[in-house]
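Beneath this line is the structure, given in structure tokens, with notes to follow.
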Amino acid sequence: MTAATTRQARRGRLAALALVSLGLFAAGCAIPTQGSPSSIAASRVPFHLLDPHPPPTTTTTQPKPSSYVGVKVFFLNGNANDALTPADRLVGAQSPLTAIITALVAGPGIGDSAAGLTTAIPSDVVVLSAATTATNVVTVNFSAAFGQITGTATEQAVAQVVATVVNEVGLATGVIFEIAGQRIQVPVANGSQVAGPVYLWQFLNGAA
């Protein structure tokens with residue numbers, strides 16, 4: 001074998017070896033494939049992918065609109081000798097009696113005042129609860145501020161509450177008044193103090 005032939009043979013072997021090495025390197029860098037999925041050890045998973053709480057997204061869910069019901073609360077009409085006069089209100093459907101009396105205590109709005117409506121109930125009065133406690137009887141529990149009402153305003157405030165409750169529950173409904181959970185006596189149209197239940201007819205034409 002001549003020197004030239006020897007050199008050609010050596011170059012051929014080196015080329016073949018280079019191709020084999022290149023093939024092995026390429027195989028090591030290729031994406032592996034398998035016939036079926038397999039689990040990945042937790043130690044090999046990036047920590048944030050194991051977080052059970054997904055990161056927040058920019059998409060927001062709009063809250064469902066609350067349910068409201070239309071009701072009437074009763075104020076005093078200064079243009080008609082302080083006659084009990086209804087005004088429309090929207091209140092949440094949950095705990096309707098409490099919400100209705102709370103709307104009454106909130107007092108006349110701008111439009112109501114422009115129409116001459118006023119109230120005998122001070123704005124610092126808080127409705128603690130209002131619920132049906134017996135057949136045709138509603139008990140309304142106020143904060144101590146309700147007991148601070150004096151004079152004619154007391155009778156007017158009681159009448160406003162009774163009219164508002166009766167309009168919602170029914171004409172035959174009586175109302176018991178409480179302050180901080182203690183039953184109290186309230187005045188009616190003939191001037192007497194009663195422990196209740198108090199009925200709307202007791203405020204009509206001075207009836208007892």
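Expressed as a whole percent, the accessible area of the stretch 72-208 that falls on carbon and sulfur atoms is 54 (1.4 Å probe).
Each other residue within a Cβ distance under 12 Å of T133 adds +1 if Lys or Arg and -1 if Asp or Glu, for a net charge of 0. Tell me, what is the FRET efficiency for N79 and A172 to the nearest 0.05, using R0 = 25 angstrom and their Cβ-Cβ distance as r? The formula returns an efficiency of 0.25 here.
Determine the shape class of the stretch 127-174: with a ≥ b ≥ c the square roots of the Cα gyration tensor eigenvalues, call it rounded for a/c under 1.5, and otherwise prolate if a/b is greater than b/c, oblate otherwise. The shape class here is oblate.
The values are calculated or read from the model by the stated rules, or taken from the named source; none is laboratory data. All values reported here derive from a predicted model rather than from experimental measurement. Heads up, the Cβs are rebuilt from the backbone with ideal geometry, glycines too, and the neighbour counts pull from every protein chain shown. Just so you know, the surface numbers come from the protein's heavy atoms only, side chains and all, with ligands and any DNA or RNA stripped out. Shrake-Rupley method; radii C 1.70, N 1.55, O 1.52, S 1.80 Å.
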